[in-house]
Structures are given as structure tokens and as C-alpha cells.
Amino acid sequence: MTRLSSRTAAVASAAAAVLLALAAPASAQSDGSAGGSLDGGSLAGGSESSGPPSVLPPGFPCIHTNVYPIASWGWLPLDAGAPRFAEGDQASGTGWLDMYAPPGGRTSYFHPGINTPLRDLAADPASLSFAHQGQYTSFQLRIQGADRPDEPGGFTTLVWWPSANGGSGATDWTVSNLTGGQWWSTNAIGGLDGGQGDTATLAEISAANPRAFVTSYGVLNDSGTGGADDVTYGCARWDFEPLPAGSS
């Protein structure tokens, strides 16, 4: 693996700044049930039947890149501990995210979702996937524009985890395609009661919440050991690697 140069780190930092600017919220808001949030306040503008226009391809920038501890490309922990970049070939490349969460704690890593309409992700069966291990290692989509009974156009977190998907990856590393999987919502929204007991596919959720758009996405673990790597979101693919030997 080539040495990570200061120029590469600078480019990564600049790109991260652009991404964060694209997804910058008007005000902070969290539902307190699935970690913190990069999400903004109430949905502003738009029609009653559709979300924000698709001005960028889902997952922009359309790159397959390595994420390093000092070149994170906008990945950040949200109201939780940061994962450790571990060495090993269990997933993709030479490293992965160690998502271990101590008792009473949580570990997370999230990236801005650039307000991607949920319907755009749901329409592409290859738009969401990740390599993962651990019973409570989840993939999450933080969205605005959900049809909440208490807050039209409000915030919720959609959660994919092994328990609702046949135990996939609970004990051994596996790669899961998430688009057609079962998701639950931390709040009651269109088509879902809210809570782990009620699940649906992204296509079903987006149909019931036509204005919903993704403000951040990522992985979270809130119990014991876990791991994640090789995240695909739209046209972006992220491979988490420890720093190459001799890097500065």
C-alpha cells in the first residue's frame, strides 16, 4: 500500500468540508433513541407529495476510497465513542472498524447523507450494503421529512440490524445487501409504528413517507463486540483501513 501523503490528507479534508457543507443542518435535533444526529430541524420547503429534488447522484461523490484515521472524508462519531481502526483481513482490504462498545456505552461512525431522497436509495437494489459482525452492529439512516403523527416532516432513524434479518452477521463476518432488508424506525412514521417490533423494506417505507430524505448514514453498536467495513451508499464505497506503515 502506498504511503499516505500530506497532500492526500489535505484533499480528503477539503472534500469532507464540502460534504459537511452540503449536509449542514439548520438546527440540531435528536430523538435520543439511536445515538446523536447530524440532522437538521423541520423540513423546510418542498411539496406535500415529494421530497427535495435529486440534484446529486445518491452517495455523491461517486468514489471508492480508503478511509484512514487522519483522512476520514467526513466520517464522525455521533454522541458515542469513535471506533478503532483495526488491522486484519476479516472484511475488505487490510483493516476494518472495531465497533466494540463498553458496558453502558455506544460506538458509532456516521457520514453526511447529502439529503438523498429515500426513494432514490430504495429504487436501487445495490445502493446500500456493508460488511459486518456482531449481534448489535447496525446500519442506520437518519432522515428528515418522515410522516410522523406528532411532527409532519419530522426526524427519525431507520435501523437495519441482524435480529430483524435472520441473524445475518451476528456471529461471523458477512456482507449484507440492505435495500431489500427489514428496517425499523425509532419513531412512529408512515407505515411503521416505531420500535423494534415493526419492520418494513425501504421501498415500503419510502412509499409511505414520500418526502423523506437522508441527512446522515452510518454504523452503530451499543453492546459488546462488533465490526464494520466496506460501506456502500449510493455510488460511494468506503473501505476503512489503518494507516500504512511509515505514514505521516
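Filtering segment 105-141 to residues that are open to solvent by 10 Å² or more (accessible area, probe 1.4 Å), of a type outside the set (K, R) and touching an Asp or Glu at 6+ places or on another chain (Cβ under 9 Å) leaves G105, A122, S129, Q133, Y136.
For E204, state whether it is more than 14 Å from the chain's Cα centre (by Cα) and modelled with pLDDT of 95 or more. Spelling it out, E204 is indeed more than 14 Å from the chain's Cα centre (by Cα) and modelled with pLDDT of 95 or more.
Inspect segment 205-212 for any residue being among the hydroxyl-bearing types (S, T, Y), part of a strand (DSSP E or B), touching a Leu at 6+ places or on another chain (Cβ under 6 Å) and surrounded by 21 or more Cβ atoms within 10 Å (Cβ to Cβ) and give the result as yes or no. The answer is no; no qualifying residue exists.
When segment 57-76 is limited to residues that are aliphatic (A, V, I, L, M) and open to solvent by 60 Å² or more (accessible area, probe 1.4 Å), the one that is nearest to I114 (Cα to Cα) turns out to be L76.
Residue count for segment 54-81, restricted to those that are in contact with a Lys or Arg (Cβ under 6 Å, 6 or more places away or on another chain) and under 15 Å from V214 (Cα atoms): 0.
At pLDDT 95 or above, open to solvent by 30 Å² or more (accessible area, probe 1.4 Å) and farther than 18 Å from W238 by Cβ: which single residue out of G145, G166 fits that description?
G166
Residues that are open to solvent by 40 Å² or more (accessible area, probe 1.4 Å) and over 16 Å from S138 (Cβ atoms) within segment 152-163 comprise just one, P152.
Can you spot a residue in segment 192-202 that is surrounded by fewer than 18 Cβ atoms within 10 Å (Cβ to Cβ) and either closer than 20 Å to T225 by Cα or touching a residue at least 40 places away in the same chain (Cβ under 8 Å) (or both)? Yes, segment 192-202 contains a residue that is surrounded by fewer than 18 Cβ atoms within 10 Å (Cβ to Cβ) and either closer than 20 Å to T225 by Cα or touching a residue at least 40 places away in the same chain (Cβ under 8 Å) (or both). Is it fair to say T171 is buried (at least 17 other Cβ atoms within 10 Å of the Cβ) and either touching a residue at least 24 places away in the same chain (Cβ under 8 Å) or not small (G, A, S) (or both)? Considered against the rule, which asks whether it is buried (at least 17 other Cβ atoms within 10 Å of the Cβ) and either touching a residue at least 24 places away in the same chain (Cβ under 8 Å) or not small (G, A, S) (or both), T171 comes out as no. In the condition set (1) in a loop (DSSP other than H, G, I, E, B); (2) open to solvent by less than 30 Å² (accessible area, probe 1.4 Å); (3) of a type in the set (G, A, S); (4) within 24 Å of A86 (Cβ to Cβ), G181 is compliant with all but (4).
For segment 157-178, a tally of residues being under 24 Å from P112 (Cα atoms) and assigned to a loop (DSSP other than H, G, I, E, B) returns 2.
The values are calculated or read from the model by the stated rules, or taken from the named source; none is laboratory data. Being a predicted model, the structure only gives us computed values, none of them experimental. Counting neighbours? That spans all protein chains shown, and the Cβs are built from the backbone with ideal geometry, glycine included. These area figures cover heavy atoms from the full protein model, side chains too; ligands, DNA and RNA do not enter into them. Shrake-Rupley method; radii C 1.70, N 1.55, O 1.52, S 1.80 Å.
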